[in-house]
1. Of all the residues that make up segment A:1-28, how many are touching a strand residue (DSSP E or B) at 6+ places or on another chain (Cβ under 8 Å) and more than 10 Å from every other protein chain (Cβ to nearest Cβ)?
2. Restricting to segment A:38-47, and then to whatever is crowded, with 16+ Cβ neighbours inside 10 Å and within 9 Å of another protein chain (Cβ to nearest Cβ), can you tell me which residue is nearest to residue A:126 (Cα to Cα)?
3. Is it fair to say residue B:312 is more than 30 Å from residue B:503 (Cα to Cα), more than 14 Å from chain A (Cβ to nearest Cβ) and surrounded by 14 or more Cβ atoms within 10 Å (Cβ to Cβ)?
4. Is it true that residue A:57 is facing another protein chain (nearest Cβ under 9 Å) and either surrounded by 24 or more Cβ atoms within 10 Å (Cβ to Cβ) or under 25 Å from residue A:146 (Cα atoms) (or both)?
5. If residue A:66 satisfies every condition in (1) at positive phi; (2) away from every other protein chain (no Cβ under 14 Å) but one, which is the exception?
6. Residue A:117 is checked against (1) within 23 Å of residue B:352 (Cα to Cα); (2) away from every other protein chain (no Cβ under 14 Å) and fails just one. What number does that condition carry?
7. Just one of the numbered conditions (1) within 30 Å of residue B:61 (Cα to Cα); (2) at pLDDT below 90; (3) out of contact with any strand residue (DSSP E or B) (no Cβ under 7 Å at 6 or more places or on another chain); (4) surrounded by 14 or more Cβ atoms within 10 Å (Cβ to Cβ) is not true of residue B:109; which one?
8. Could you say which residue among B:77, B:122 is under 22 Å from residue B:29 (Cβ atoms) and exposed (fewer than 15 other Cβ atoms within 10 Å of the Cβ)?
């Protein structure tokens, strides 16, 4: 079973910790990492890439020093290694203009407003991860327990039909 | 019949005859009545009354057997004969009768017999003259043949002069402006119809220049037809129309009267007919007809007074306008404050979401874990370690994620178990070797123990995080509260830095992309309107943010400076932004100046409001800027000696 990375980026430590806490349940199957800045996040993605760990999903704040979350997501979308990464924006204050730009660059898969609810965040992350895994993983069965079981099985069935098993 | 009559009363027919002879020269203007008895005299009076003839003079003789004095006294009681002059002819013995005639009958003259020739005539002439001067003022000259010509003439002249002087202004009260103008026009035109050497009567085409502001003027133009506009230059040199003159108005009047240069420029707007007078012609016209001078003087006075009235009315209206402008200005400032507040609130509301989210998440985490945490079995399981990590979570600020990751990587190299390594680092247990041994022996059991411990750690760190976040919310609310300024804010003695720091909290999310450098020096506490000043800091910081390039740098510097024998607290805000173009730098404090577009901060009158607030503090605000390099706004607040000493005593 391949290793995938879930990365959370927020410059406010308290917020970052509570996101990590909320996503704690995914740690068994995924590598769950936190970064306090875009810079740190980039470095971490590079390091993981070298170990052949792909970034499956990123949860990113919008207003951060150096670079806004949306700029960062657009940048990730333009790089081959992270193009497929599911991208979530977790913010209280992305303007309409920024958000539209991100959507138009197909850099935004999901938007969660602060303050968020834990189960809502977990549900969104689970759905996005399911989509990512179905799109990128050959062997889906091991993931059924961790992710949206029904969808995984559907996909497995679909694959069999497609491959004419 | 004459208007007036003279009555002679004497019991002696010879005397009567003499009186009649002497009085005969007056017969041309006075009917002469004579009576030989009191009864006859009364009958004559009745006769006069019936004919509505006023008795001008009564000459009565008095002696023992004839009481003429009484007759004179009763004349004075009678309305009809009251004004008559009274002459008593006495035989010179009855002094008592004369005195009572004087006292009770206002006797005018007393003659004593024997009468010299012509004495009666002379006395009567004197008395009649007096009577006429009092009772027939209008026709004095018609009596000059028979009465005292000299006196009549002098009285006539006095009267005329007095009348002329008295009537100079008031005689024309009954005239409307229009009538007055017509009279003057007619008189002037009549005068120039006879001879017009100077071509006083002339017609100008439109656009003809009559007077030019600031230049000498020798003429007076009396407009008889058409329109003339007067212009005056304002302080920036723009010609402003002051007034339009038409028929009956006077142009050049002020400079003509005072000899000063023209006050305004006068230009004909239409074809205009005028009478143009220089001083010589003017004098000539006035000499030609004495009634014209008061008329013309009246016209001039009215002309100037109407202008004065107009300008007073204008001034009143201006005052009203000024007051309503003042109100509007106040409202504008209020609206600016509200607009600013609105934008700040929405920014801060967003910013509040972060700590609130963390608090809500933390509360949920705690709620979920609390049951397990207080379970005795769990407490038994974690033992003292549980208490220790709980304490750690409560008190210690977590390491940076990068540092945690580094440590976790190091630990992972020793035990080759990433999840355990991460948790050891997180719980601060990576120094304790026993955990390494345990992990090697039974990794799954260790991970489970660490997970238990982590719950205690989380309880602590979550509480700590809730505290930190609540503190941040409190800070933001405090900064925002500062903007809810009552209009009658009072001066307080405060530390300027606090207000600046509060303002920076408000802008935290905008400043995230940029750098703020603080170069604070010691300042004494200053008496100021703290909330008004916060509005100033807000504007200056917001302007700096708007001007920022990608990587903005805002330097806030405070210091004490000496200038003009005065200590100043100087607070400067320097940004590395686009700068202010030289051609507009003069205007940035004007009320109606803004380079901002809708949706920018406030209403765009921020700097003008800032300047007002700083002036309220007796300070000044200076700007220095270089295109594409920087803009520096410096606020200078005066520091009094007492504040300095107060500081040193602290």
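1. The number of residues fulfilling the criteria is 7.
2. A:44
3. no
4. Judged against the criteria, residue A:57 is not a match.
5. (2)
6. (2)
7. Going through (1) within 30 Å of residue B:61 (Cα to Cα); (2) at pLDDT below 90; (3) out of contact with any strand residue (DSSP E or B) (no Cβ under 7 Å at 6 or more places or on another chain); (4) surrounded by 14 or more Cβ atoms within 10 Å (Cβ to Cβ) one by one, residue B:109 breaks only (3).
8. Details: B:77 fails: under 22 Å from residue B:29 (Cβ atoms).
Going through B:77, B:122 in turn, the sole match is B:122.
The values are calculated or read from the model by the stated rules, or taken from the named source; none is laboratory data. Note that the structure is predicted; figures quoted are calculated from it, not measured. Here the Cβ is made from the backbone with ideal geometry for all residues, glycine too, and neighbour counts use every protein chain on show.
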